[in-house]
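Remarks on the structure that follows.
The values are calculated or read from the model by the stated rules, or taken from the named source; none is laboratory data. Remember, predicted model here, so these are calculated numbers, not experimental data. Positions of Cβ are backbone-derived with ideal geometry, glycine not excepted, and every protein chain shown enters the neighbour counts.
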Amino acid sequence: MTITIKYFASLREAQGVAERTFNSSEVHTVADVIARHELAFPENTLISVNQVYAYPETELNSGDEVAFFPPVTGG
Amino acid sequence: MTIIQIQIETSPIATWQLLDEFEQEHLTDNHLIGACSVFTGKMRSSNHNDEVIAMTLEHYPGMTEQQIRTQVDTVIAEYPVDACLVHHRVGEVTPGDSLVLCATWSAHRAQSFRACEEIFEALKSTAPFWKKETLANGDTRWVESNTKNPRP
């Protein structure tokens, strides 16, 4: 299973990278991806999978793009 | 069928020129339109009592356009309009710059007023944009939240 992870705004700065790739057969949901981060995400972190809002329990397939970002502030 | 144009851009938003061009290109032959509502948002030089001299707008290319389109589709299902135009600025901006343009056209004012407001509010609470401010003293900080409904 290959998952691309993206981080935006303050979470990108905290992680120190904009993007990384996970290769693991033990990743099945977004929560599994979260658990593999050494640095905890803030409680208000938003999640998307393949550019659609998602949740920790969202199931993943190989090739998916998961993103983590803070509350949005556009407009 | 509603004409929908959504654009994210790094160049300045020429609000009234964009509206003119959009009407010229798409709406000149539609004489059933009687109303157009326009919202334009600009950068302010003050936030939380601090002087803000510049701002960087970041977004999630692809998801941003897709998310705005989803919201537009949801809103116009309830408030049908003939056309909808959304432009949003990203990159480096300074006070006075236009950050967003949201316009809707419909037969009567009620639909265009409501659709314009609802689309803008949906954009503000769900479209993946983030603002980082530069204060007069040189400090930078992320704007943490701009809406009462932070979970899309």
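Here are the numbers for this structure:
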quantity	calculated
Some residue of the range A:5-21 being among the hydroxyl-bearing types (Ser, Thr, Tyr), away from every other protein chain (no Cβ under 14 Å) and in contact with a Ser or Thr (Cβ under 7 Å, 6 or more places away or on another chain)	yes
Residue within the range B:134-146 that is loosely packed, with under 14 Cβ neighbours inside 10 Å and touching a residue at least 60 places away in the same chain (Cβ under 8 Å) present	yes
Scope the range A:46-64; condition in a loop (DSSP other than H, G, I, E, B) and within 17 Å of B:ALA127 (Cβ to Cβ); matching residues	A:ASN50, A:GLN51
Strands (runs of 3 or more DSSP E) fully within the range B:1-111 counting 3 or more residues that are at positive phi and within 14 Å of chain A (Cβ to nearest Cβ)	none
Residue match in the range B:110-129 (condition: hydroxyl-bearing (Ser, Thr, Tyr), surrounded by fewer than 17 Cβ atoms within 10 Å (Cβ to Cβ) and modelled with pLDDT of 95 or more)	no
Top-ranked residue of the range A:20-45 - restricted to ones that are part of a loop (DSSP other than H, G, I, E, B) and among the acidic types (Asp, Glu), ranked as nearest to B:GLN66 (Cα to Cα)	A:GLU43
Candidate set from the range A:22-32 (those that are among the hydrophobic types (A, V, I, L, M, F, W, C) and touching a Pro at 6+ places or on another chain (Cβ under 9 Å)); member that is farthest from the other protein chains (Cβ to nearest Cβ)	A:ALA31
Condition broken by A:VAL72, with the remaining ones in (1) hydrophobic (A, V, I, L, M, F, W, C); (2) over 11 Å from the mean Cα position of the chain (by Cα); (3) assigned to a helix (DSSP H, G or I); (4) crowded, with 17+ Cβ neighbours inside 10 Å satisfied	(3)
